[in-house]
1. Can you tell me which condition ILE719 does not meet? The list is (1) open to solvent by less than 10 Å² (accessible area, probe 1.4 Å); (2) in a loop (DSSP other than H, G, I, E, B), and all the others hold.
2. Hey, among the residues in segment 592-614 that are of a type in the set (S, T, N, Q) and open to solvent by 50 Å² or more (accessible area, probe 1.4 Å), which one's nearest to the chain's Cα centre (by Cα)?
3. May I ask you to list pairs of residues, at least six apart or on different chains, whose Cβ atoms are under 6 Å apart, with the first in segment 607-622 being under 14 Å from SER562 (Cβ atoms) and touching a residue at least 24 places away in the same chain (Cβ under 8 Å) and the second being open to solvent by 70 Å² or more (accessible area, probe 1.4 Å) and assigned to a helix (DSSP H, G or I)?
4. If we scan segment 123-132, do we find a residue that is assigned to a loop (DSSP other than H, G, I, E, B) and at pLDDT below 80?
5. Just a yes or no: is a residue in segment 58-77 over 40 Å from the mean Cα position of the chain (by Cα) and open to solvent by 60 Å² or more (accessible area, probe 1.4 Å)?
6. Can you tell me which of (1) under 22 Å from the mean Cα position of the chain (by Cα); (2) part of a loop (DSSP other than H, G, I, E, B); (3) surrounded by fewer than 21 Cβ atoms within 10 Å (Cβ to Cβ) is the one MET439 doesn't meet?
Amino acid sequence: MEEEQEVTITEESGQMQDEQEKLLPLVALRDLSVFPGMILHFDVQRERSVQAVERAMLGNGKLLVVTQRNAAVEEPQIQDLYSVGTIVMVRQVSRMQGKVVRVLSEGIVRARLKEVHTAGLDAKEYLEAAVELCTETSSGDSTDDSADSAAGMSMDASVLSETEQAARISYIKELMSQYALFHPKIGKAIGYRLDELKDIGKLVDAAVMNMPLSVQEKQTVLEAVDVEERYRTAIDLIYREVEIAKIKLKLTEGVKQRVDKNQREYVLREQLGYIREELGDDKTFSDAEQFEEAVEKLKAKKEVKERIKKEISRFKSVATSSSESAVERGYIETLLELPWDKMSKDNQDINHAEQILNRDHFGLEKVKERILEFLAVRCMTNRSDSTILCLVGPPGTGKTSIARSVAEALNKKYVRICLGGVRDEAEIRGHRKTYVGAMPGRIVNGLRQAGVKNPLILLDEIDKVSSDYKGDTSSALLEVLDSEQNANFRDHYIEIPIDLSEVFFIATANTTETIPRPLLDRMELIEVTSYTANEKFHIAKEHLIKKQYEKNGMTDQMLTISDGAVKEIIRGYTREAGVRDLERKIGDICRKAARRLIQSDKKSIMVKTANLEKYLGKVKYHPDKKNETDEVGIVRGLAWTSVGGDTLQIEVNKMPGKGEIELTGQLGDVMKESAMAGISYLRSVGRQYQIPADCFKKNDFHIHIPEGAVPKDGPSAGITMATAVLSAITGIPVKADLAMTGEITLRGRVLPIGGLKEKLLAAKTAGIGTVLVPKENRKDVEEISKEITEGIHIQFVESMDEVIKLSFVAQQKKEA
């Protein structure tokens, strides 16, 4: 840390001895330039700088100070320093708190930096510099000796006539006088001193060192060894500062005139108000009177009304032209717009709710059943402090539309609050009203929008909220979604407890992994799973096609899409868990059909499987098919993705090597660990399967999962990879029409997995005949509809011995 403390100018800048200085201790200064003739304090804290000062005190007291180019560099080298510094004489050294040393020094002469190296022992290491003195001719000295000493300079100061010197000195003093008019404090400090200086070089240094210029600008003057160059550089800088000061003064005067004008208008308005009072002109109500009337009509508790009346009294005492008046007005208007005790009457007909859910959604039987049960309990108890629902499922599966249908079924006001990307706590709780532009949070705004205290509020994408230095959004939601606490929810802007216990909250999320556990604990999860191909077909026929017809101005007579075409769109043009992309494809067909109807004489268009490519192009997706023949080292696995299930063909190659195992295909850490666990199990049971003891030492194994551009992770491919490795080692092929899923342990146990419905859907699409599933997942299989499991032989396994027995072709033949 180097910091300027005090600056004065010596009577004489001092003379260097005739001998050439070769090596001097060096101190690198931060944001500070020292000129010859300058007396100042500066602080040093870095160990090298402290040692350099002590070395100078032990010697002749001379020290080289050079400014750093970048103040952030802790250990500067020669490239981090400016090329010209100042040799100073150390006059006094004081020890301060915190290992800080304060140095009183006097600038002597400029010096050019030639070389920098480290000197001293490890504990007392300091920087030492080789320098070259930068001599100059005094403008007041014209002797031959002085001229000889200034050889090589661009201008001999003695060449200037006395008239020219006087003119230059007078001009620079005149500029500094103008500068002092705008900066009186600086002018007083150096004005009298500048009058005494008669040397141009010293005069320039004295003027520049006391001006609040940047380090780079001061360094430019310091590096100007040529007096003429230094003079011109300083004149440009001083002239620029004077012009800047003039412009600032002009702007200040303009602002002052505006303020005076506003003050005059304020006085006139106050006088006008007083005149109106004296005349008794009460034809129009004031804002305060309107607010008071609104309070009397407001449905709210006594405490709330008293608080609003208090704010109205404060509003009356505030001047209408002040900014506080606008803030108070907005606050009162917000309080009056809130539905404190205003409620809507719910429809408690459960049959009506069931009809609306069936009308708007096909399938999702378990979801509908759970929602109807929830509504039935709500109607029986007549209480609203029930569990908050959270619909979890892939995108496009109808979570948001289910919430809208529930609001319609209960005759509730519907408010949607999107939480995706919200990272500021104030978005939930609001801003303090003292801030400029403050406003209530999204929850309160939702109530104001609904106009009643018991709406249905949908918290969409609750898994996408995040946190930053402004606060944790999910923590702010804890109070909102806690039925024990939200009866007295406090918004930072409103500052009055708000009752949220009557609000019916429904949240939606794509996954529960990113939702914090305390927040997840406050909600009851309802899983919205992927649609089957049959469900997508019915949704398209009953909902999507009608919706797109209406959106694109079509009718059944103008455009007909056959059942086969719809099924082909689902199979070959979309790959998703929901139906959003399917709706877009139907919309594409409608738009292209509309253009053809307008540009041709056709009255109607029929879209079939045969002409579907004319509207949607070539087929985009080809379902994975089972292998044609039984192969060694290739096993079909099942995976869950955010857009549904998929099959993975795991390939293993064995080759001579040193026992290395390579895993490719963008596998995540969990999947890699699962593969290693499977290999460890195989090594432990090697004798059982006649695996040579040195097999894993003399061979390398390469495990690859195709579609390498797609990241993959999870433990459910553990038994698949272990089976593929064992097949590659023993040379026994694996059944082609078999797929499997399950996590493996070191002892060969098969653990349960998730996403089973989507995985079985993928297996059925690929034509797989047999699927091996962990035995502990039997309960999940029983809940899956027969439409999915029909045609698939599901085998439940609980150990790797069973997996190998059912998957290896050769072993089955031997048993037969």
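1. (2)
2. Just the residues of segment 592-614 that are of a type in the set (S, T, N, Q), to begin with: 599-600, 604, 609, 611.
Narrowing further to those that are open to solvent by 50 Å² or more (accessible area, probe 1.4 Å): 599, 604, 609.
Working: GLN599: 49, SER604: 51, THR609: 46 Å.
Only one residue fits best here, namely THR609.
3. If the second residue must be open to solvent by 70 Å² or more (accessible area, probe 1.4 Å) and assigned to a helix (DSSP H, G or I), the pairs left are TYR615/LYS592.
4. Within segment 123-132, the first condition is being assigned to a loop (DSSP other than H, G, I, E, B), and the residues that meet it are 123-125.
Still in the running and at pLDDT below 80: 123-124.
Yes.
5. As a first pass, look at segment 58-77 and keep what is over 40 Å from the mean Cα position of the chain (by Cα): 58-66.
Within this subset, residues satisfying the condition of being open to solvent by 60 Å² or more (accessible area, probe 1.4 Å) are 58, 60.
Within segment 58-77, one or more residues are over 40 Å from the mean Cα position of the chain (by Cα) and open to solvent by 60 Å² or more (accessible area, probe 1.4 Å).
6. Result: MET439 fails condition (1) only.
Rundown of residues vs (1) within 19 Å of VAL750 (Cα to Cα); (2) among the polar types (S, T, N, Q); (3) at pLDDT below 85, yes/no style:
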| position | (1), (2), (3) |
| --- | --- |
| GLY633 | no, no, no |
| VAL652 | no, no, no |
| ASP669 | no, no, no |
| LYS672 | yes, no, no |
| CYS695 | no, no, no |
| ASN699 | no, yes, no |
| VAL710 | no, no, yes |
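Quick grid of which residues meet (1) more than 28 Å from ARG404 (Cα to Cα); (2) in contact (Cβ under 8 Å) with a residue 12 or more places away in the chain; (3) assigned to a helix (DSSP H, G or I); (4) open to solvent by 30 Å² or more (accessible area, probe 1.4 Å):
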| site | (1), (2), (3), (4) |
| --- | --- |
| ALA300 | yes, yes, no, no |
| ARG307 | yes, yes, yes, yes |
| ARG314 | yes, yes, yes, yes |
| GLY330 | yes, no, yes, no |
| ASP346 | no, yes, no, yes |
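The values are calculated or read from the model by the stated rules, or taken from the named source; none is laboratory data. Just so it is clear, the structure is predicted and the values come from calculations on it, not from any experiment. A quick note on method: Cβ atoms are made from the backbone with ideal geometry, for glycine too, and the neighbour counts reach across all protein chains shown. For accessibility, only protein heavy atoms count, side chains too; no ligands or nucleic acids. Shrake-Rupley method; radii C 1.70, N 1.55, O 1.52, S 1.80 Å.
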